Every structure is written in structure tokens, then in C-alpha cells.
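Asks: Take this structure first; my questions come after.
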Amino acid sequence: MPTLPEGVRHFPLYLSPQRQAALVDEIRQIVQEAPLFVPAMPRTGKEMSVRMTNCGELGWVTDRERGYRYQPTHPVTGVPWPPIPETLLGIWRDVSGHEKPPQACLVNFYDEKARMGLHQDRDETDFSAPVVSVSLGDDCRFRVGTAKRGGATASVRLASGDVLVLGGQSRLAYHGVDRIYSQTSPLLKNGGRINLTLRRVTA
Ligand SMILES: O=C(O)CCC(=O)C(=O)O
Ligand SMILES: [Mn+2]
């Protein structure tokens, strides 16, 4: 698959370095209120390599006992998630083509060894809105295929400030993060990559 599948849109350097830095400050604030937690796979309890938190009315969480789900509160503190920063709501308005605002913003933190295997985003009950994600910090190799498991895939290098949209026939496309290219961005002082994923959950 030489180019990106239909419905996948990549906006390189959507955020200027200055706006990236301002957004990182807001994410730090969110992490203070809603600490990063260690997500675990349903049933096996195997820990994922990313660290997570959320903002928005709903947050995506997973653990051995209860599996993948959205909930309005942090799984460890029980406190409601902080609101989604205005910068992210603006990006959603600009690129989503959806009339309603995002309900959930998953914050993933990748250190240089973290990965995310190929998967579909399908824990939502409404797939009419796209998934919009923002990359900050070190570059990564992002892989995306079709909505069919085992189909052809393409890879794209995502850099700090990039926005990626999975919409239309790619809303349910398999995707994942193969690797982080460490020390490719000066944005995060201790390195690593942050990905912010905006989603609608319900109709
Ligand atoms: O880190 C990324 O770019 C993708 C994250 C992702 O696919 C997810 O959290 O569902
Ligand atoms: Mn995903």
C-alpha cells in the first residue's frame, strides 16, 4: 500500500513548535490532576507498554477484570477527568467535519521502547465521527491498514505537531505504532512521545 488508505488524512506540523509547547504545558497539568496509569489487557492482565490518562467527559481505560471501556472517572483516583484543552477542541472543529465536540481524549505516553500493536478503535457505540490524533515529542512509525485484519498496511512517520485523522472507510482501520525514534524532538525534556486521541463515544 504505497499511499495512505482512503479516509486517512495526515496534516504534518499542524501545530507550530510554540503551540506544541503550550499544549504540553496543558497536558502536564492534566497529568497532575489525572495521573498516568498502567493499562492492562483484558483477561491476561498483560501490561501495555504505554502509560495513559484521559481528559474529557469520558476516558478510555482497560484492566484485567473489566477490559476495554469508557468511564467518566479515573480508574485509580475515582475523580472525574479534567476537561479537554481548547486547542484540541479547535483542531477537532477544523478537521473532523463532525458537528458535535469530542467526548474523550486519550493521552498516551510512549517511552523509547513503547509500542502499540495493530488494533481497531471500536469501543465506541457510534462510528460516524472520525478519530483525530495529535502527536507531540519524538517521531514514531505509525502503521495503518484497512478495516480487515491481515490486510495490506502502509506506514507513515508522525512527527511532533502532526495531526492524523482516521475517518470514512478508515474509521475502523487497523493501526498501531511500530516504534519510537528516540531523540528526534526537543519538545519533551526527558524524551518520548505523547499521543492525544480525540473521539466521539456515543451518538
Ligand atoms: O499513538 C498513536 O499514534 C495511536 C494511539 C492509538 O491508536 C490508540 O490509543 O488507540
Ligand atoms: Mn487506536
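Asks: Explain nothing, just compute: Karplus ³J(HN,Hα) = 6.51 cos²θ - 1.76 cosθ + 1.60, θ = phi - 60°, for every residue of the range 33-49 in order, whole Hz, x for Gly and Pro.
Replies: 7, 10, x, 4, 10, 9, x, 10, 5, x, 6, 6, x, 4, 6, 6, 7
Asks: Taking the Cα centre of the range 8-199 as origin and charging only Cβ (+1 Lys, Arg; -1 Asp, Glu), how large is the dipole, in debye to the nearest 20? Walk me through the numbers on the way to the answer.
Replies: Numbers: 24 positive and 20 negative charges, 140 e Å.
Roughly 680 debye for the range 8-199.
Asks: If you don't mind, another one. Normalising by the residue count of the chain, find the relative contact order in percent from Cα pairs under 8 Å and 6+ residues apart.
Replies: 27 percent
Asks: Rolling a 1.4 Å sphere over the protein heavy atoms, what is the accessible area per residue of the range 8-199, to the nearest Å²? Kindly include the intermediate steps, with their values, before the conclusion.
Replies: Working: 9140 Å² over 192 residues.
That works out to 48 Å² per residue.
Asks: Moving on. Can you give me the % of accessible surface on the chain that is carbon or sulfur? Probe 1.4 Å, all protein chains present, nothing else counted.
Replies: On the way: 5010 of 9860 Å².
The computed percentage sits at 51.
Asks: Which loop-located chymotrypsin sites (Phe, Trp or Tyr not before Pro) does the range 107-188 contain, where loop means any DSSP state but H, G, I, E or B and the Cβ has at most 16 other Cβ atoms within 10 Å?
Replies: Counting only loop positions with at most 16 other Cβ atoms within 10 Å, the chymotrypsin sites (Phe, Trp or Tyr not before Pro) in the range 107-188 are 127.
Asks: Please say if the range 1-83 is rounded, prolate or oblate, where rounded means a/c under 1.5 for a ≥ b ≥ c the square roots of the C-alpha gyration tensor eigenvalues, and otherwise the choice is prolate for a/b larger than b/c and oblate otherwise?
Replies: On the way: a/c = 2.30, a/b = 1.25, b/c = 1.84.
Oblate is the answer for the range 1-83, as a/c is 1.5 or above yet b/c matches or exceeds a/b.
Asks: Roughly speaking, what is the centre-to-centre gap between the range 151-197 and the range 1-79 when only Cα atoms are used, to the nearest Å?
Replies: 13 Å
Asks: May I pose another question? What do you get for Rg/Rh of the chain when both radii come from the Cα atoms and Rh is the Kirkwood radius? Before the final figure, lay out each step's value.
Replies: Details: Rg = 15.6 Å, Rh = 16.9 Å.
Using Cα coordinates only, the ratio equals 0.93.
Asks: Using θ = phi - 60° and the Karplus curve 6.51 cos²θ - 1.76 cosθ + 1.60, what whole-Hz ³J(HN,Hα) does each residue of the range 132-141 get, with Gly and Pro shown as x?
Replies: 10, 10, 10, 9, 9, x, 4, 5, 9, 9
Asks: Near residue 93, within a Cβ-to-Cβ distance under 14 Å, what is the net charge of the other residues, with Lys and Arg +1 and Asp and Glu -1?
Replies: Values: positive: 100, 200; negative: 86, 94, 99.
Once all neighbours under 14 Å are counted, the net charge is -1.
Asks: Per the helix-only calculation at 222 nm, which mean residue ellipticity applies to the chain, given -39500 (n - 2.57) for every DSSP H run of n ≥ 4 and division by its residues, nearest 500 deg cm²/dmol?
Replies: Details: 2 runs with 27 residues, N = 203.
-4500 deg cm²/dmol, from helical runs alone.
The values are calculated or read from the model by the stated rules, or taken from the named source; none is laboratory data. These numbers come from a predicted model, not from an experiment. Here Cβ is always computed from backbone atoms with ideal geometry, including for glycine, and neighbour counts include all displayed protein chains. Side chains included, ligands, DNA and RNA excluded: accessible areas come from the protein's heavy atoms. Shrake-Rupley method; radii C 1.70, N 1.55, O 1.52, S 1.80 Å.
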